[in-house]
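Read the structure below first, then the notes.
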Amino acid sequence: MMRRSRITTDVDFDRDGNQQGFLKLPHSIHRSAYGWIAIPIIVIRNGPGPTVLLTAGNHGDEYEGQLALIKLCREVTQEAVRGRLIILPAANYPAVIGGLRTSPIDDLNLNRSFPGDPDGRPTAAIAHYIESELLSIADFAIDLHSGGSSLMYLPSSLTAVVQDDQRATRQLDMLRAFAAPVGYIAFPGGEDRTMLAAANRAGVPAIGTELGGSGTASVQSVAIAERGVRRVLNHVGSLPGVDVSEELPPTRIMEVRGSDYYVYSPDYGMWEPLVDLGDDVHAGQSAAAVYCPRTPWREPVLAHFTESGTVICRRVPGLVERGDCLFHLATDRSS
């Protein structure tokens, strides 16, 4: 059984209404002996119905989800909601304010910190609160991501493999309702420290997204985020009045079956991509050439794909170190 979080809040999860407040994370430092980190939270409740937890800013340099949830909490009225929405637009608030993937306070990655620790560093304490206090009262969850500063994705929704067939079906239905161009299912045996892994432990149907990246947002990626969130909320019964009549291309359902769907830099230097987003590639094909600017006459080191598939993600910065992710593949779901 998890220990109680030290984080407190001034919102009442059981009261009807539209409440805006903060999660108060104790943070005693030199300039503020009895201070706390203020993490914005919005709770909109209107009678019986599902509870949906919506999070963004898990990584601070991923903006589509943050924008979508900021707009959602400003525009959705209590009367439009059935049940309860719990909205965290800036889940790892220090990282959001810093525009960083990891927290500038403890250099930790929230999406590698679950189930967290109530007595740990700030990021671990936030992870613990989300898993122990919020997912424990949720019926559904959406965790909005993009590629951040170092990656660029084809706009995608995603979910994890779960053992419960009914929950797996619900998650696949949520992927389709989100209506991103790609919806992929991550391979089993992957990370158990993520928000989706926490939702799995809590038995909560959950999806995530990878909506773009490059440390910015586009008209297209923000529109997909906004539309997708509202479509899923309509699908689960939280926003029954949302118009979902617009006909959209069906989501391409794909799979990432293992760690060999990723390509990493084999050396240090300047990399040249030999394929691009959306390209179909085959096992053994050259993926990138890494050149050494210190010895430009040296032959480049080649990286190769070890699986066949479609490129759904690529690295953004032109300089690499050995072990940096260059590409990420997915393949069409077989059934």
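Please build a GNM for the chain, connecting alpha carbons under 10 Å apart, and tell me which residue among Val182, Val316, Val76 fluctuates the most.
The residue with the greatest mean-square fluctuation here is Val76.
Who wins for biggest fluctuation among Ile29, Ile44, Ile70 in a Gaussian network model of the chain, springs between alpha carbons below 10 Å?
The residue with the greatest mean-square fluctuation here is Ile29.
Which value at 222 nm does the chain reach when only helices count, each DSSP H run of 4 or more adding -39,500 (n - 2.57), with the total divided by all residues and rounded to the nearest 500 deg cm²/dmol?
Values: 6 runs with 65 residues, N = 335.
So the helix-based figure for the chain works out to -6000 deg cm²/dmol.
Using the basic label-point model (7 angstrom from Cα toward the beta carbon), what is the Tyr291 to Ser150 distance in nanometres?
2.3 nm
Let's test the formula: R0 of 45 Å, r as the Cβ-Cβ distance of Glu75 and Ser334. What FRET efficiency results, to the nearest 0.05? Walk me through the intermediate numbers first.
Numbers: r = 40 Å, r/R0 = 0.89.
Working from the Cβ atoms, E equals 0.65.
Which net charge results when you count Lys and Arg as +1 and Asp and Glu as -1 among the other residues whose beta-carbon is under 13 Å from that of Asp192? All intermediate terms of the calculation are to be shown ahead of the outcome.
Details: positive: Arg112, Arg193, Arg201; negative: Glu131, Glu191.
Net charge in that neighbourhood comes out at +1.
How big, in percent, is the set of alpha carbon pairs in the chain lying more than 34 Å apart? Please list the in-between numbers first.
Details: 13817 of 55945 pairs.
So the pairs more than 34 Å apart make up 25 percent of the total in the chain.
So how strong a dipole does region 8-256 carry about its Cα centre when Lys and Arg Cβ are +1 and Asp and Glu Cβ are -1, to the nearest 20 debye? Numbers along the way, then the final one.
Working: 20 positive and 28 negative charges, 44 e Å.
Dipole about the Cα centre, nearest 20: 220 debye.
Would you please name the chymotrypsin sites (Phe, Trp or Tyr not before Pro) within region 34-76 that are DSSP coil residues with at most 15 other C-beta atoms within 10 Å of their C-beta? Write down the numbers at each step before the final one.
Details: sites: Tyr34, Trp36, Tyr63; in loops: Tyr34, Tyr63.
Within region 34-76, the qualifying chymotrypsin sites (Phe, Trp or Tyr not before Pro) (loop, at most 15 other Cβ atoms within 10 Å) are Tyr34.
I need the trypsin sites (Lys or Arg not before Pro) found in region 29-121, filtered to DSSP loop residues with at most 13 other beta carbons within 10 Å of theirs. Before the final figure, lay out each step's value.
Values: sites: Arg31, Arg45, Lys71, Arg74, Arg82, Arg84, Arg101, Arg112; in loops: Arg31, Arg82, Arg101.
Loop-located and lightly packed - Arg31.
For the chain, what is the percent of antiparallel DSSP beta bridges, rounded to the nearest 5?
Here the share of antiparallel DSSP bridges comes out near 70 percent.
Sort Asp12, Asp143, Asp267 so that the residue with the fewest other Cβ atoms within 10 Å of its own Cβ comes first and the one with the most comes last.
Details: Asp12 12, Asp143 24, Asp267 18.
Least to most surrounded, the residues fall as Asp12, Asp267, Asp143.
Report the one residue of Ala288, His235, Ile253 whose Cα lies farthest in the direction of the positive end of the charge dipole of region 225-291 (charges on C-beta: Lys and Arg +1, Asp and Glu -1; origin at the Cα centre).
The Cα lying farthest towards the positive end belongs to His235.
Nearest 10 degrees is fine. How inclined is helix 219-235 to the longest principal axis of the chain, computing both from alpha carbons?
Value to nearest ten degrees: 50.
I'd like the orientation of helix 165-178 relative to the chain: the angle between its Cα long axis and the longest Cα principal axis, in ° from 0 to 90, rounded to 10.
Its long axis makes an angle of about 80 degrees.
With r defined as the distance between the Cβ atoms of Glu191 and Asp10 and R0 fixed at 25 Å, what FRET efficiency is calculated, to the nearest 0.05? Show your work: numbers first, answer last.
Details: r = 33 Å, r/R0 = 1.31.
For Glu191 and Asp10, the calculated efficiency is 0.15.
Select from region 159-250 those GluC sites (Glu not before Pro) which occupy a DSSP coil region and have at most 14 other Cβ atoms within 10 Å, ordered by residue number.
Here the GluC sites (Glu not before Pro) that fit, given the DSSP loop and packing criteria, are Glu191, Glu246, Glu247.
Read-outs: derived from the displayed coordinates by stated rules, not from any lab. The model shown is predicted, which means the values in this text are computed figures rather than measured ones. A quick note on method: Cβ atoms are made from the backbone with ideal geometry, for glycine too, and the neighbour counts reach across all protein chains shown.
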